[in-house]
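The values are calculated or read from the model by the stated rules, or taken from the named source; none is laboratory data. On a predicted model such as this, the values are computed, not experimentally measured, just so you know. Methodologically, a virtual Cβ is constructed for each residue, glycine included, from the backbone with ideal geometry; neighbour enumeration extends over all protein chains shown.
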Amino acid sequence: MGLSLYNTLSRQLEPFSPLDPTSKHVRMYCCGPTIHDYAHIGNFRTFVLADFLRRYLEFRGYTTTHVMNITDVEDKIIRRVRETGATLRTYTAVYESAFLEDHRALNCLAPHHLPRATESIPGIVELIGRLEQRGIAYRAGDGSVYFSITKYCGCGHRYGQLFPVNLEEMRPGERVSSDEYAKESVADFALWKARVPEDGDVFWESPWGQGRPGWHIECSAMSMGLLGPSFDLHLGGEDLVFPHHEDEIAQSEGAGLQSAGQPFVKHWVHGAFLLVEGRKMSKSLGNYYTLRDLLARGFSGREIRYLLLTAHYRDSFNFTTEGLLGARTALERLDECARKLAEIAGPLATAEVAPQAALLDACTARLDEDLNVSAAWAEVFDWVRETNRKLATGTLGPEHAAEALAAWNTLSAVFGLRPPPGSEVPEAARRLADERDAARKAKDFKRSDALRAELLALGWTVEDTPKGWKLKPR
Ligand SMILES: [Zn+2]
């Protein structure tokens, strides 16, 4: 059995395979951030999901091409540029690098391509031109270019593939120019927005005059430009299903670049909503967390990632401080178990050994079922209990310990939870630990307590054992 994934397009669980069933290569696209501000923890749930799915596919023997776009021009960004008086690039550069830093802090692998919308204008213009040629795009009185849903449907396409829309209620000629619009508005949407005074210096030349692209067309142009007109997997948050993804399908299939019978995207995966402290995130409720807010409160990217990966991606999840503290305890348990295994394995801990099959097989079976992470974690913690029992009774030899450790190392890499390489004890921490040891032996407990606090500040807790001190990452 292979991996099954829920496909929003068919509304059912489907065995996953790339469009070309003989291929072991997955071309995947995840809608990236709109860099008008720092990204919040709800945004990162989607990016961690994309990273985890990529890692899992690679673990299951696929290679991947992972594209994540950077939306660096849209309504909100232009408003901020106007308010702050900055140029578009100086404004977005700050949030783009903050986003990439946060993405790394969560140990997400860098996507293979990170196209910026503002650097993809020629492809966008070409795609709009093609839609215009096919009679599906039209120029309106305001100089903007719109997508005609009626014309699209007239060419034999279906609007409402991902989301059930009521075309009866559509009033012909009704248009929306805003990038984000309500589910009730089944209306023609903007592909190219004619320049208005509020846009300031943010505009590009085009066959339709000066203006800028709509948000939806950016993703169609960038995804097809890098992955081809038909590709395997498209991810995003569930809030993007309509209108964004529905419009992406309409634009991409409306341009008719696909081979006969091929869809724009075979498999659509959507991550569910995140509640924070039991409620919808909002600045006024004080439960609006950016990743930086959480890091500043002393939680690590690894703890946050772990917590996000304890819930099934299609279930809405309540993200809480209590949950983060639980994540810390769970990781400590896992790290402790791995440390003990490494101790027993000795030199074998870093040797090439075959990972213990039982743990990997059990978790693979669970994750193959639509990434059932909670069942996989249950398997992991059963294994920890069993391993600890063997460790306590001294019935685990170096070889078995090394195999068990290799299995956990493989799995923790799939989850993206391998401790960062920097977690080998740095020299500064060793020195402090030696000093503290000397202070303790001299019964200078005030000094030894101060040194313990210094170590803690560096991210290490110290333990005294009969063999001397031992440092553990905090
Ligand atoms: Zn998108």
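When you check Glu132 against the structure, is it more than 25 Å from the chain's Cα centre (by Cα), in the same structural domain as Gly42 (by TED's automatic domain parsing) and loosely packed, with under 14 Cβ neighbours inside 10 Å, yes or no?
Working: more than 25 Å from the chain's Cα centre (by Cα): yes; in the same structural domain as Gly42 (by TED's automatic domain parsing): yes; loosely packed, with under 14 Cβ neighbours inside 10 Å: no.
The answer is no for Glu132.
Considering only the stretch 186-202, state which residues are free of Cβ contacts under 8 Å to residues at least 60 places away in the same chain and within 16 Å of the ligand (Cβ to nearest atom). Even if it seems obvious, please write down each step before you answer.
Filtering the stretch 186-202 for residues free of Cβ contacts under 8 Å to residues at least 60 places away in the same chain gives 186-190, 193-197.
Result: Phe189, Ala190.
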The residue from Ala190, Ala140 that alone is under 30 Å from Arg82 (Cα atoms), at pLDDT 85 or above and within 35 Å of the chain's Cα centre (by Cα) is Ala190
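Here is a yes/no grid of residues against (1) over 22 Å from His216 (Cα atoms); (2) within 16 Å of the ligand (Cβ to nearest atom):
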{"residue": "Leu5", "(1), (2)": "yes, no"}
{"residue": "Ser23", "(1), (2)": "yes, no"}
{"residue": "Tyr29", "(1), (2)": "no, yes"}
{"residue": "Tyr38", "(1), (2)": "no, no"}
{"residue": "Asn43", "(1), (2)": "no, yes"}
{"residue": "Phe52", "(1), (2)": "yes, no"}
{"residue": "His103", "(1), (2)": "yes, no"}
{"residue": "Leu106", "(1), (2)": "yes, no"}
{"residue": "His113", "(1), (2)": "no, yes"}
Open item on the list: Tyr91 - would you say it is modelled with pLDDT of 95 or more, under 20 Å from the mean Cα position of the chain (by Cα) and buried (at least 20 other Cβ atoms within 10 Å of the Cβ)?
Closed with: no
Notebook entry, point to check: Has the stretch 247-268 got at least one residue that is small (Gly, Ala, Ser), more than 22 Å from Ser374 (Cβ to Cβ) and free of Cβ contacts under 8 Å to residues at least 12 places away in the same chain?
Noted result: yes
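Evaluate the stretch 273-282: report whether one residue or more is free of Cβ contacts under 8 Å to residues at least 12 places away in the same chain and of a type outside the set (Gly, Ala, Ser). I'd like the intermediate steps shown before the answer.
Just the residues of the stretch 273-282 that are free of Cβ contacts under 8 Å to residues at least 12 places away in the same chain, to begin with: 279-280, 282.
If we keep only those that are of a type outside the set (Gly, Ala, Ser) too, we end up with 279-280.
Looking for residues that are free of Cβ contacts under 8 Å to residues at least 12 places away in the same chain and of a type outside the set (Gly, Ala, Ser), one finds at least one in the stretch 273-282, hence yes.
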Taking the stretch 142-177 and keeping only residues that are aromatic (Phe, Trp, Tyr) and surrounded by fewer than 16 Cβ atoms within 10 Å (Cβ to Cβ), one is left with Phe163
Within the stretch 67-79, of all residues that are touching a Ser or Thr at 6+ places or on another chain (Cβ under 9 Å) and in a helix (DSSP H, G or I), the one modelled with the highest pLDDT is Ile77
Taking the stretch 245-285 and keeping only residues that are within 12 Å of the ligand (Cβ to nearest atom), under 22 Å from Ser4 (Cα atoms) and β-branched (Val, Ile, Thr), one is left with Val265
Of the residues in the stretch 457-474 that are loosely packed, with under 13 Cβ neighbours inside 10 Å and outside any strand (DSSP E or B), the one that is modelled with the lowest pLDDT is Ala457
For the stretch 76-100, the count of residues that are touching a Lys or Arg at 6+ places or on another chain (Cβ under 9 Å) and either within 16 Å of the ligand (Cβ to nearest atom) or of a type in the set (D, E, K, R) (or both) equals 1
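Suppose we filter Val384, Val414 for residues that are within 31 Å of the chain's Cα centre (by Cα), touching a residue at least 24 places away in the same chain (Cβ under 8 Å) and over 16 Å from Leu307 (Cα atoms); which single one remains?
Numbers: Val414 fails: over 16 Å from Leu307 (Cα atoms).
Checking each option against the conditions leaves just Val384.
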Scanning the stretch 203-221 for residues that are more than 16 Å from the ligand (Cβ to nearest atom), assigned to a loop (DSSP other than H, G, I, E, B) and buried (at least 19 other Cβ atoms within 10 Å of the Cβ) gives Ser206, Trp208
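Has the stretch 234-244 got at least one residue that is more than 16 Å from the ligand (Cβ to nearest atom) and modelled with pLDDT of 95 or more?
Step one: of the stretch 234-244, the residues more than 16 Å from the ligand (Cβ to nearest atom) are none.
No - not one qualifying residue is present in the stretch 234-244.
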When (1) free of Cβ contacts under 8 Å to residues at least 60 places away in the same chain; (2) touching a Phe, Trp or Tyr at 6+ places or on another chain (Cβ under 8 Å) are applied to Pro18, the one that fails is (1)
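Report, by residue number, each residue of the stretch 222-242 that is crowded, with 20+ Cβ neighbours inside 10 Å and of a type in the set (Asp, Glu).
Step one: list which residues in the stretch 222-242 are crowded, with 20+ Cβ neighbours inside 10 Å, which gives 222-224, 227, 230-237, 240.
Matches in the stretch 222-242: Asp232 only.
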Next item on the list: Say whether the condition of being modelled with pLDDT of 95 or more, buried (at least 18 other Cβ atoms within 10 Å of the Cβ) and either in the same structural domain as Val269 (by TED's automatic domain parsing) or outside any helix (DSSP H, G or I) (or both) is met by at least one residue in the stretch 403-415.
Entry: yes
